[in-house]
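A.B. asks: Next up is a structure, given as structure tokens.
The values are calculated or read from the model by the stated rules, or taken from the named source; none is laboratory data. Bear in mind the structure is a predicted one, so any value in this text is a computation, not a measurement. With ideal geometry, Cβ positions are generated from the backbone for all residues, glycine too; neighbour counts draw on all protein chains shown. Quick note on the areas: whole protein, heavy atoms, side chains included, nothing else; ligands and nucleic acids left out. Shrake-Rupley method; radii C 1.70, N 1.55, O 1.52, S 1.80 Å.
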Amino acid sequence: MTSTHVRHAVTLSITCFGILAGGQALAAPLEPLWYRTTVDTSRDNVHFAIGFNRAPDLTTLDAAGRQVDSFQIWTDDNGTLPFFDAARVGWGGLPEGGSAVLSVAAVPSTGELEYIKVRSSSWPGPWSANGWGSVEARAGYILGADNVFSFDVPLGLLANSGDGRFYYTLETYDTGGTISSNNGYSGYTYVVGAVPEPSMMALALAGLGLLGAAARRRR
């Protein structure tokens, strides 16, 4: 299932440029410029591609052991807000099985992505590196010279309704802090940059605290 439609994504982001004590400028926060999913049900495969504003540094850790750059993708076969549904699974508010996470948290140690089934807090473990559930598989990725990060996922590993359709949330982080959050639907290309209405921005800012508090559950 593929689509040539291009949609504008409304992103909540914090784009702050700082200066280190020694006068060195900090790198621009990692943010997507565009992103897409291509679903091939005949091959049981989903291809993810994300065009970033710069090359992500997934291997450098700060003094607290946090990645300088990181991102996660939540998927859900029903809910239009996969991040919050995953949090509800963790709290026991929804049954397991409908939510999954694609994470780069293990890249510094394994060099691979983790495909994770979201588990409730009663799950005995072992837990994934990002603390969201059980690791169902690991796989590599490609980072192109044009800052395009791409990888393939077996469709059966994602939370989907069996027809290749799913919702997802892409979030980027800077040493643990949320930088941007974007939602999508399988089979579409999204271009980031649409300016939200004031009422939408107010709602998004109100939810930012919840996002930051839950994004690193169990860490």
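A.B. asks: Consider segment 86-142. How many of its residues are over 26 Å from T59 (Cα atoms) and of a type in the set (D, E)?
C.D. replies: 1
A.B. asks: Exactly one condition in (1) over 24 Å from R138 (Cα atoms); (2) modelled with pLDDT of 75 or more; (3) β-branched (V, I, T) is false for T80; which is it?
C.D. replies: Result: T80 passes all but (2).
A.B. asks: Looking for whichever is open to solvent by less than 50 Å² (accessible area, probe 1.4 Å) and within 18 Å of I179 (Cβ to Cβ) here; the options are L113, L61, L102. Which one fits? Show your work before the answer.
C.D. replies: Details: L113 fails: within 18 Å of I179 (Cβ to Cβ); L61 fails: open to solvent by less than 50 Å² (accessible area, probe 1.4 Å).
When all the criteria are applied, what remains is L102.
A.B. asks: Ok, one more. Restricting the search to segment 33-54, which residues are open to solvent by 40 Å² or more (accessible area, probe 1.4 Å) and either farther than 20 Å from S103 by Cβ or modelled with pLDDT under 95 (or both)?
C.D. replies: Within segment 33-54, L33, W34, T38, D40, T41, S42, R43, D44, N53, R54 meet the criteria.
A.B. asks: Follow-up question, since we're still on this one. May I ask you to list the residues in segment 152-177 that are within 23 Å of R66 (Cα to Cα) and open to solvent by less than 20 Å² (accessible area, probe 1.4 Å)?
C.D. replies: Across segment 152-177, the qualifying residues are T169, L170, E171, T172, Y173.
A.B. asks: Follow-up question, since we're still on this one. Could you grab the pairs with beta carbons closer than 6 Å, sequence gap of 6+ or different chains, first residue in segment 80-92 and farther than 18 Å from S103 by Cβ, second one of a type in the set (G, A, S) and not in a helix (DSSP H, G or I)?
C.D. replies: Matching pairs, first to second residue: G92/S120.
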